[in-house]
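Since the structure comes first, as structure tokens, the remarks are kept for the end.
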């Protein structure tokens, strides 16, 4: 009788995966879809319950893993993220928009109403928040995965780690180490470019330095970055202006500490307040 009941029960249910989009470009969701061969193995390990970028079928919550792309930029999103948190046992913010506010957070230093008046013929119909914020500004997230977009292999490592019940192995060192491993010349020293590689978390494989271009900080600050010291190098040895350094800090992760602190400081210097 026990044997027969076991046979009828079938294989154990696969963990449910949900993927959500907020204000973003869909690039991080595409990183997941671009896993190609690995995606087939992933589909065998999890049940894709909610992923409108990939399929129309939606399974009801609760979900075991939730991936959220995009920033909170509208009143509707500010309400929706709380329901998503209730629906997901393990919630992950993926990409620069979800972890720092992304490029759209640049509006946080300006008047968004003025932007809407300049862009839309009928700005009174636009419902938006004054700021674009990361997911963690509205609810608790269990893990954050940086990048613009996220590294597909890091995303796979994250999902594998969650399924196995271990901590994801994501590098916390700087992009400079990736440059050294690839044998790339330092664009900061050799070319005199204002490169953020020394203070940016690894994950891109030194993509921009590999093209002989400076790092723009797509993966946000590394652990304990000495941005103040790097800024002195830019200003004293490269003679970069406070305005240039402010714009350099306010990029993909400009609203993420400590980039935000330094960007605000350079703005004060630019205005003669420091």
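The values are calculated or read from the model by the stated rules, or taken from the named source; none is laboratory data. Predicted model only: the values in this text are computed from it and were never measured. As a convention, Cβ positions derive from the backbone with ideal geometry for all residues, glycine included, and neighbour counts pool all protein chains shown.
Do we find that residue 160 is closer than 29 Å to residue 38 by Cα, free of Cβ contacts under 8 Å to residues at least 60 places away in the same chain and out of contact with any strand residue (DSSP E or B) (no Cβ under 7 Å at 6 or more places or on another chain) in this structure?
Numbers: closer than 29 Å to residue 38 by Cα: yes; free of Cβ contacts under 8 Å to residues at least 60 places away in the same chain: yes; out of contact with any strand residue (DSSP E or B) (no Cβ under 7 Å at 6 or more places or on another chain): yes.
When the stated conditions are applied, residue 160 passes them.
Out of all the residues in the range 265-272, is one or more out of contact with any helix residue (DSSP H, G or I) (no Cβ under 8 Å at 6 or more places or on another chain) and not in a loop (DSSP other than H, G, I, E, B)?
Initial filter on the range 265-272 (out of contact with any helix residue (DSSP H, G or I) (no Cβ under 8 Å at 6 or more places or on another chain)): 265, 268, 271-272.
Add one more test, that the residue is not in a loop (DSSP other than H, G, I, E, B), and what stays is 265, 268.
Yes, some residue in the range 265-272 is out of contact with any helix residue (DSSP H, G or I) (no Cβ under 8 Å at 6 or more places or on another chain) and not in a loop (DSSP other than H, G, I, E, B).
When only residues in the range 257-274 that are crowded, with 20+ Cβ neighbours inside 10 Å and closer than 17 Å to residue 197 by Cβ count, which is farthest from the chain's Cα centre (by Cα)?
Filtering the range 257-274 for residues that are crowded, with 20+ Cβ neighbours inside 10 Å and closer than 17 Å to residue 197 by Cβ, the one farthest from the chain's Cα centre (by Cα) comes out as 262.
For residue 209, indicate whether it is without any contact (Cβ under 8 Å) to a residue 60 or more places away in the chain, within 20 Å of residue 173 (Cβ to Cβ), outside any loop (DSSP other than H, G, I, E, B) and over 17 Å from the mean Cα position of the chain (by Cα).
yes
Name the one entry in 183, 147 that is at pLDDT 95 or above, out of contact with any helix residue (DSSP H, G or I) (no Cβ under 9 Å at 6 or more places or on another chain) and under 30 Å from residue 238 (Cα atoms). Quick ask: steps written out before the conclusion?
Details: 147 fails: out of contact with any helix residue (DSSP H, G or I) (no Cβ under 9 Å at 6 or more places or on another chain).
After applying the criteria, what remains is 183.
Does the range 139-148 hold any residues that are more than 15 Å from residue 104 (Cβ to Cβ) and outside any strand (DSSP E or B), and which are they? Outline the logic, then answer.
So the first thing to find is which residues in the range 139-148 are more than 15 Å from residue 104 (Cβ to Cβ), and the list is 139-147.
The answer is 139, 140, 141, 142, 146.
Condition check ((1) outside the structural domain of residue 149 (by TED's automatic domain parsing); (2) part of a strand (DSSP E or B); (3) out of contact with any helix residue (DSSP H, G or I) (no Cβ under 8 Å at 6 or more places or on another chain)) across all residues:
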residue	(1), (2), (3)
55	no, no, yes
66	no, yes, no
77	no, no, yes
82	no, no, yes
85	no, no, yes
99	no, no, no
107	no, no, no
118	no, no, yes
129	no, no, no
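What helices (runs of 4 or more DSSP H) completely inside the range 1-49 contain at least 3 residues that are within 30 Å of residue 103 (Cα to Cα), at pLDDT 80 or above and within 18 Å of the chain's Cα centre (by Cα)? Please lay out each step first, then the result.
Working: elements: 2-9, 27-33, 37-45.
It comes to 27-33.
Tally time: how many residues in the range 189-202 are crowded, with 22+ Cβ neighbours inside 10 Å and either in a loop (DSSP other than H, G, I, E, B) or touching a residue at least 40 places away in the same chain (Cβ under 8 Å) (or both)?
As a first pass, look at the range 189-202 and keep what is crowded, with 22+ Cβ neighbours inside 10 Å: 195-197, 199-202.
Remaining after also requiring either in a loop (DSSP other than H, G, I, E, B) or touching a residue at least 40 places away in the same chain (Cβ under 8 Å) (or both): 195-196, 201-202.
The total comes to 4.
Can you say whether residue 59 is surrounded by fewer than 22 Cβ atoms within 10 Å (Cβ to Cβ) and either without any contact (Cβ under 8 Å) to a residue 40 or more places away in the chain or under 23 Å from residue 127 (Cβ atoms) (or both), as far as the supplied structure shows?
Working: surrounded by fewer than 22 Cβ atoms within 10 Å (Cβ to Cβ): yes; either without any contact (Cβ under 8 Å) to a residue 40 or more places away in the chain or under 23 Å from residue 127 (Cβ atoms) (or both): no.
It is false that residue 59 is surrounded by fewer than 22 Cβ atoms within 10 Å (Cβ to Cβ) and either without any contact (Cβ under 8 Å) to a residue 40 or more places away in the chain or under 23 Å from residue 127 (Cβ atoms) (or both).
Would you mention how many residues in the range 211-240 are closer than 24 Å to residue 97 by Cβ and surrounded by 12 or more Cβ atoms within 10 Å (Cβ to Cβ)?
Final tally of qualifying residues: 12.
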